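Step one of this worksheet: look at the structure below.
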Amino acid sequence: MRMVDIIEKKRDGGKLTKEEIEFFVNGYVRGDIPDYQASALLMAIYFRHMDYDETLNLTLAMENSGDKLDLSGINGIKVDKHSTGGVGDKTSLVLAPMVAALGGKVAKMSGRGLGHTGGTIDKLESIPGFNTSLSEEAFVKQVNDIGIAITGQTGNLAPADKKIYALRDVTATVENISLIASSIMSKKLASGADAIVLDVKTGSGAFMKNEADAVSLAKEMVRIGKGAGRNVTALITDMDQPLGYAVGNALEVIEAINTLKGEGPEDLTKLVLNLGTYMVLAARDDLDKETVRKELERVISDGSALDKMAEFVKAQGGDPDAVYNTDKLNVSDTITEVCADSDGYIQSIQSELIGKSSMILGGGRAAKDDVIDLSVGVVLSKKIGDKVSKGDVIARIYCDNAEKTKEAETMIKDAYTFSQEFVEKNVLIKGIVG
């Protein structure tokens, strides 16, 4: 088998076999196949596309290209959740303790943020003492003991995806449904969960700007998951404005904790109740959808989800008192108000600009090795559909660097568009697949 023949076959619109795909993936990981041949194949795939069988086989080959997390030692159904990324997306911090409080087993590997999209691991590290690096043995034991563990991704989990994605990023071959779906699902399958709930974002702050593309991606990932023998459901959700109000690591943890107290933003609360319902249903076949929803509302109202969060934090070396007293989290005490320049209704918010403003403050990484300032960020006061008068506060910036604050303030103002006419609030849940 020769790589040039595989490239030629796909270039001419042919269907690659399982063996040909495995030859490419394994050879590229070993270093036997050079970047220029891998690039040629990726460009051929970009233009000629892959069918379902090819996409599934690519996903499985990438899943099996390195280490896989063995969760067989965990009792019960292991559930995981994955978001395609957005601004202010702190759902894992709320969901995991809610689901675990109902007996679910949440075994989650998460990453760090890059660019304007924050990572769950970074957010957790804003909790004093929190350890995000667990051994596989400790990870499994903790899920068995308390129902929840979140750890950073291992260096050799689906290494083919890491290597292929880096090449796609510099060869303009990122935006292809098969390549995106296989990238996401190879890591999720290698992480070992039995059931996966996907939160596929669409809008100005999402990777998939177009709703139709988000639906296509969701369908492809659900098909891949089921083809690999996993229980997979996807929700298509709005990212035409940040989720909740807080954007920034410690600030998002505080908002997540407030949501567990029943004091969270309406959109974040609604989203975690919907995602949580499908996670619990995957783990417990003795409950129906309506009952699960009520039970999730109960674990918030009676405090058991908050207590589970504290138990989780303590188990991973963090200070559990910070869950009950968020003043222990380090947030910048220099606050700058951003005010509306005109009257009207909030018509739109460019989520990506809000995310980039937080990154400029130090809350995100422009490069992989950048050090994050966990104390900075932005808290919005007004969102789409809200009425404002000139001079009203639309956002607050948390940062003690005046130059960065000024740049972020300009970006936040540019993100907001006003209308003199009444504006309807956004629909949060746009569809469900699976």
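The values are calculated or read from the model by the stated rules, or taken from the named source; none is laboratory data. Computed from a prediction, not measured in an experiment: that's the story for all the values here. Backbone-built Cβ (ideal geometry, glycine too); neighbour counts: all protein chains shown. Please note that ligands, DNA and RNA were not included when accessible areas were found on the heavy atoms of the full protein model with its side chains. Shrake-Rupley method; radii C 1.70, N 1.55, O 1.52, S 1.80 Å.
Structure above, values below:
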{"read-out": "Segment 3-48, relative contact order [Cα under 8 Å, separation at least 6], %", "value": "54"}
{"read-out": "Long-range tail of P(r) for the chain (Cα pairs > 43 Å, %)", "value": "13"}
{"read-out": "Those GluC sites (Glu not before Pro) in segment 223-280 that DSSP places in a loop and that have at most 13 other beta carbons within 10 Å", "value": "263"}
{"read-out": "Exposure ranking of 284, 30, 230 by accessible area [1.4 Å probe, largest first]", "value": "30, 284, 230"}
{"read-out": "Theoretical gain in end-to-end length, residue 53 to residue 319 [0.36 nm per residue, Cα-Cα removed]", "value": "91.0 nm"}
{"read-out": "Dipole of the chain, positive direction: furthest Cα of 242, 330, 273, with charges on the beta-carbon", "value": "273"}
{"read-out": "Exposure rank, largest accessible area first [281, 273; 1.4 Å]", "value": "281, 273"}
{"read-out": "Accessible surface, 1.4 Å probe, highest first, among residues 105, 314, 81", "value": "314, 105, 81"}
{"read-out": "Percentage relative contact order, the chain, counting C-alpha pairs under 8 Å, at least six apart", "value": "19"}
{"read-out": "Within segment 78-324, percent of DSSP bridges classed antiparallel, to nearest 5", "value": "5"}
{"read-out": "Extension gain (nm, one decimal) between residue 15 and residue 67, 0.36 nm per residue minus Cα-Cα", "value": "15.9 nm"}
{"read-out": "Rounded, prolate or oblate (a/c below 1.5 giving rounded, otherwise prolate when a/b exceeds b/c) for segment 78-324 by Cα gyration tensor", "value": "rounded"}
{"read-out": "Burial ranking of peptide ranges 83-93, 334-344 (average Cβ count within 10 Å, highest at the top)", "value": "83-93, 334-344"}
{"read-out": "Extended-chain gain in nm, criterion 0.36 nm per residue less alpha-carbon gap, residue 301 and residue 285", "value": "3.4 nm"}
{"read-out": "Förster-model FRET efficiency, 41 Å R0, residue 2 and residue 371, C-beta, rounded to 0.05", "value": "0.35"}
{"read-out": "Sum of -39500 (n - 2.57) over DSSP H runs of 4+, divided by residues of the chain (222 nm, nearest 500)", "value": "-14000 deg cm²/dmol"}
{"read-out": "Cα centroid of segment 12-46 to Cα centroid of segment 366-434, whole Å", "value": "42"}
{"read-out": "Ordering of 426-434, 141-149 by burial proxy (mean other Cβ atoms within 10 Å per residue, highest first)", "value": "141-149, 426-434"}
{"read-out": "Overall form of segment 57-169 per C-alpha gyration tensor (a/c, 1.5; a/b vs b/c)", "value": "oblate"}
{"read-out": "Ordering of 391-403, 8-20, 298-310 by burial proxy (mean other Cβ atoms within 10 Å per residue, highest first)", "value": "298-310, 391-403, 8-20"}
{"read-out": "Phi-based couplings in Hz for segment 3-18 (Karplus 6.51, -1.76, 1.60; Gly and Pro marked x)", "value": "4, 4, 5, 5, 4, 4, 4, 6, 4, 8, x, x, 9, 7, 7, 4"}
{"read-out": "Accessible-area value, residue 290, 1.4 Å probe, nucleic acids and ligands omitted, Å²", "value": "120"}
{"read-out": "Area accessible to solvent at residue 239, 1.4 Å probe radius, in Å²", "value": "0"}
{"read-out": "Residue 194 accessible area, assembled protein chains, probe 1.4 Å, Å²", "value": "50"}
{"read-out": "Point-charge dipole on Cβ atoms (K/R +1, D/E -1) for the chain, about Cα centre, debye to 20", "value": "740"}
